[in-house]
Each structure stands twice: as C-alpha cells, then as structure tokens.
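Enquirer: So that we are looking at the same thing, I have put the structure below in structure tokens.
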Amino acid sequence: MESRITDLKGADIGLHLISPYVGKIRPVLARHLIKTYAKPKSIVYDPFCGSGTIPLEAWACGNKCFATDLNDYAITLTKGKLTPYKSLDAVLERLDSINSCLNKDKSRKESIGIPQWVSSFFHPKTLSEVLKWTAYLKERKEWFLLSCLLGILHHQRPGFLSFPSSHGAPYLRNSKYPEDMFPELYEYREVYSRLRAKVTRAYKNFPSLDFRIQRVVRRASSENANPPGNRIHAIVTSPPYMKSLTYARDNRLRLWFLGKSDWQSLEKRISPTRTFFSKLIAASFIRWSKYQKNGDYCIIIIGDIPFNKNMRLPEFVATQAEQTGYVMVDLLKDPIPYKKRFNKLKSQISSECILVFQRSK
Ligand SMILES: C[S@@+](CC[C@H](N)C(=O)[O-])C[C@H]1O[C@@H](n2cnc3c(N)ncnc32)[C@H](O)[C@@H]1O
C-alpha cells in the first residue's frame with residue numbers, strides 16, 4: 001500500500017512566511033493532500049493548525065476551513081494568515097494610518113513590570129515602540145499586522161527589531177556579536193519601516209483568494225473542539241508527538257508579547273509525553289468520528305519513529321483510528337522536509353508518514 005511522495009512542485013504563497021513556527025509542514029504537501037482528498041468547496045479541518053499552513057492552503061484551494069490549536073501564538077498566526085488585507089496598497093494605507101495615530105501618542109511605554117529576560121533583547125526605545133504597536137494591534141484584532149510584527153521580533157538581521165539573536169528560538173547572540181565590536185547592532189530600531197518592509201514581502205506571490213469563504217479559527221483542544229456545522233468532510237493535520245518539539249519554549253518571546261508569560265505551563269499541554277499523546281490521539285479520533293460520515297477523509301502526517309519497544313508511531317496512530325471506525329486506505333511517505341521539524345528526534349526518524357483514513361461507519 002505504501003507509496004512515496006516525490007516531485008511536489010509549486011511556489012509557496014508569501015503569506016506562509018510571515019512568522020516562523022517549529023514543525024511546519026511543506027505548503028506543497030498540504031496543497032497536494034487537499035486537492036487529492038477534499039471535495040471542492042467543502043470544509044477542511046486542521047485540529048493542530050500550528051502556523052496555519054493547512055488552513056491557508058485549503059482557503060487558497062477554494063475550501064472552507066476550520067482550525068484549532070492550544071498555542072496562543074499559533075492561533076494569532078493562523079488568524080493572521082486567514083485575514084490578510086485584500087491588497088498590498090490597502091494594508092500599507094492602514095499601516096500608515098496606525099503609524100500616524102501612534103506617533104501622536106508621545107507617551108513612552110515604561111519598562112516597569114517587564115521581565116529582564118524580555119527587555120534584554122531590545123534597545124529601550126525600540127521596546128517602547130514594540131509595546132505600543134502590539135497593544136494597539138491586539139486591541140483592534142489586527143491579526144495579520146500583529147503576525148507580521150511577531151515575525152520581525154527577533155533575529156540578527158537589520159530588518160528585525162531585537163539585538164542580535166536567533167530567529168527560531170529566542171537566544172541572544174552577544175558572544176558572537178559583542179556590543180563593543182558591533183555597536184550598530186545595539187542601536188534603536190524603528191518598528192514602522194521594518195513592519196512596512198515585512199508586509200511588502202508577505203504580499204509576494206499573493207494568491208487569488210475568495211474572501212467570502214468561511215474561515216474559522218479557535219483556541220481549543222482537539223479532543224473537545226466544536227466545528228462549525230455538523231459535518232467535516234476532510235481532516236488534514238500534523239499532531240504534536242512525544243515531546244519532539246518545544247512549541248511554547250521556542251516562541252516564548254512572541255508569546256510574552258501576546259500576554260502569555262507562563263510558557264512553561266502551556267508547554268506541558270502542547271508538547272505531550274507518550275502517555276499524554278496516546279490519550280490525546282484516542283480522544284481526538286472519538287471526537288472527530290462524531291463529525292465525519294462514511295467515506296470522509298482523515299489524514300494524519302506524522303514522523304516514522306518508535307512509539308514503544310513493539311510499535312512504531314504510525315502503527316500506533318493507525319490502531320487508534322481503526323478502533324474508532326476508520327480504515328486506512330493509503331500510506332504515503334515523504335522525505336523529511338525541514339531539519340528543524342524534528343530537532344530532538346533527528347537520529348530516530350527515517351521519514352514522515354502520511355496516513356490516509358476513511359470513515360467507514
Ligand atoms: C506539528 S505542529 C502543527 C504544525 C502545522 N501543521 C504547521 O504547518 O505549522 C502541532 C501543533 O499542535 C498543537 N497542539 C498541541 N496539543 C494540542 C491540543 N491538545 N489541541 C490542539 N492543538 C494542540 C501545538 O501547539 C502545535 O502547534
């Protein structure tokens with residue numbers, strides 16, 4: 001039954017790149033799965049949506065989409081990708097009006113109450129501006145602009161806002177770039193011009209999108225989320241598994257600006273241990289089976305790693321699905337796309353599996 005996925009081609013929509021996320025899947029793979037298994041215009045559900053790769057591709061394919069995740073950063077990013085402005089001109093106009101509004105407010109956001117680990121990333125004037133922009137964008141639910149801002153929060157390049165640091169997980173690079181040798185990297189950085197450049201990059205390869213199509217994004221756990229309507233024709237998702245990635249830790253600085261300072265508690269919920277993962281998958285299939293009818297598809301993208309001494313992870317997932325009334329109709333293998341997707345498990349993963357199930361009752 002097994003076949004390999006090769007030769008998936010096509011340029012990525014620029015919106016996929018607005019902000020980084022660990023464990024992203026390849027947009028071309030998402031597109032391929034949606035085009036192959038979802039009925040045109042039907043709803044596609046991604047219960048573990050992460051950065052929103054699958055919902056955005058579903059929308060671009062003309063499908064309705066429903067997305068859930070428990071990570072506040074994932075939810076912001078997915079909402080951002082599903083609510084862009086209709087054109088670059090429209091978003092730049094909005095950006096200019098926000099900038100003039102914020103410029104009129106001469107108050108300086110003080111760094112009182114800001115943890116030292118957060119303020120250590122920024123020049124005080126930059127930090128004050130970032131605080132003003134994030135507060136404004138959050139209050140007005142400007143998810144697209146907020147996502148773009150989070151996407152330029154930290155890195156070592158000039159287009160980013162922090163002192164030199166990494167782009168994925170936030171670590172200062174002050175040993176590699178000491179302030180006395182690289183003083184220019186520690187100067188004030190204006191938010192507006194950088195955000196403008198970021199937004200412009202996001203509109204590269206902007207697809208033709210139908211803004212009337214329903215897109216629903218909710219912060220909810222996969223085992224008890226309520227989809228809109230009572231039928232889900234296709235579920236396409238890549239679940240978190242067995243502490244392979246640290247979704248909260250890697251995004252702790254972005255989460256802090258979203259008002260989520262306790263990333264450690266969040267991590268316990270979203271980077272599950274083996275026991276927690278087993279329960280989550282079992283409960284999720286039960287939940288999904290209530291919204292799927294005979295012939296509907298449920299597609300799980302998961303790394304081929306050992307689950308325990310006797311079983312590999314895809315086999316465990318298949319067993320859970322079969323106990324809930326699903327049959328496996330296809331098993332595809334994809335060569336591992338991004339090294340970052342599996343940092344802790346690199347040595348154990350041979351490939352990524354795409355398990356294609358159909359509801360049989
Ligand atoms: C492998 S990532 C998904 C990546 C996504 N396909 C993408 O391309 O960006 C798994 C996601 O599951 C989320 N998650 C973990 N536990 C969850 C739960 N119980 N309910 C919903 N989402 C959960 C994590 O926050 C993480 O974003």
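The values are calculated or read from the model by the stated rules, or taken from the named source; none is laboratory data. For clarity, every value in this text was computed on a predicted model and none was experimentally measured. Ideal geometry is used to build each Cβ from the backbone, glycine not excepted, and the neighbour counts take in all protein chains shown.
Enquirer: Within segment 191-207, count every residue that is part of a helix (DSSP H, G or I) and surrounded by fewer than 18 Cβ atoms within 10 Å (Cβ to Cβ).
Expert: Going residue by residue through segment 191-207, those that are part of a helix (DSSP H, G or I) are 191-202.
This time we only want the ones that are surrounded by fewer than 18 Cβ atoms within 10 Å (Cβ to Cβ), so: 192-193, 196-197, 200-201.
Residues that pass the stated criteria total 6.
Enquirer: Say we look at segment 22-51 and pick out the residues that are buried (at least 24 other Cβ atoms within 10 Å of the Cβ) and hydroxyl-bearing (Ser, Thr, Tyr); which of these is farthest from Ala283 (Cα to Cα)?
Expert: Selected residue: Ser51.
Enquirer: Further, regarding this structure: Kindly indicate the residue of segment 15-31 that is outside any helix (DSSP H, G or I) and among the basic types (Lys, Arg) and also nearest to the ligand (Cβ to nearest atom) among those meeting that condition. Please lay out each step first, then the result.
Expert: First, the residues of segment 15-31 that are outside any helix (DSSP H, G or I): 18-26.
Now drop any that are not among the basic types (Lys, Arg), which leaves 24, 26.
Working: Lys24: 4, Arg26: 8 Å.
Taking the candidates together, the pick is Lys24.
Enquirer: For segment 80-90, how many residues meet the condition of being crowded, with 24+ Cβ neighbours inside 10 Å and out of contact with any Cys (no Cβ under 8 Å at 6 or more places or on another chain)?
Expert: Going through segment 80-90 one residue at a time, the tally reaches 2.
Enquirer: Tell me, please, whether a residue that is more than 13 Å from His123 (Cβ to Cβ) and among the aromatic types (Phe, Trp, Tyr) can be found in segment 172-190.
Expert: yes
Enquirer: Can you pull out the helices (runs of 4 or more DSSP H) entirely within segment 68-185 that have at least 3 residues that are touching a residue at least 40 places away in the same chain (Cβ under 8 Å) and within 19 Å of the chain's Cα centre (by Cα)? Break it down into steps so the answer makes sense when it comes.
Expert: Working: elements: 72-82, 88-104, 116-119, 124-139, 143-151.
Here the list reads 72-82, 143-151.
Enquirer: Could I ask something else about it? Run down Ser284, Ser261 and say which single residue is in contact with a helix residue (DSSP H, G or I) (Cβ under 9 Å, 6 or more places away or on another chain), within 10 Å of the ligand (Cβ to nearest atom) and either farther than 13 Å from Leu355 by Cβ or at pLDDT 95 or above (or both). Lay out the reasoning, then the answer.
Expert: Numbers: Ser261 fails: within 10 Å of the ligand (Cβ to nearest atom).
Just a single option satisfies the conditions, and that option is Ser284.
Enquirer: Now for a different question. In segment 32-54, which residues are more than 9 Å from the ligand (Cβ to nearest atom) and in a helix (DSSP H, G or I)? Even if it seems obvious, please write down each step before you answer.
Expert: The first filter runs over segment 32-54 and keeps only residues more than 9 Å from the ligand (Cβ to nearest atom), leaving 32-45.
Of everything in segment 32-54, those that are more than 9 Å from the ligand (Cβ to nearest atom) and in a helix (DSSP H, G or I) turn out to be His32, Leu33, Ile34, Lys35, Thr36, Tyr37.
Enquirer: Go through (1) surrounded by 15 or more Cβ atoms within 10 Å (Cβ to Cβ); (2) not in a loop (DSSP other than H, G, I, E, B) for Thr246 and report which single condition fails.
Expert: Only one criterion in (1) surrounded by 15 or more Cβ atoms within 10 Å (Cβ to Cβ); (2) not in a loop (DSSP other than H, G, I, E, B) is unmet by Thr246, namely (2).
Enquirer: Considering (1) farther than 21 Å from Asp210 by Cβ; (2) surrounded by fewer than 17 Cβ atoms within 10 Å (Cβ to Cβ), say which one Ala74 fails and leave the rest.
Expert: Failing condition for Ala74: (2).
Enquirer: Can I ask one more? Name the one entry in Ser278, Ser221 that is more than 11 Å from the ligand (Cβ to nearest atom), surrounded by fewer than 19 Cβ atoms within 10 Å (Cβ to Cβ) and modelled with pLDDT of 95 or more. Step through it out loud before you land on a result.
Expert: Working: Ser221 fails: more than 11 Å from the ligand (Cβ to nearest atom).
Being more than 11 Å from the ligand (Cβ to nearest atom), surrounded by fewer than 19 Cβ atoms within 10 Å (Cβ to Cβ) and modelled with pLDDT of 95 or more holds for just one of Ser278, Ser221, which is Ser278.
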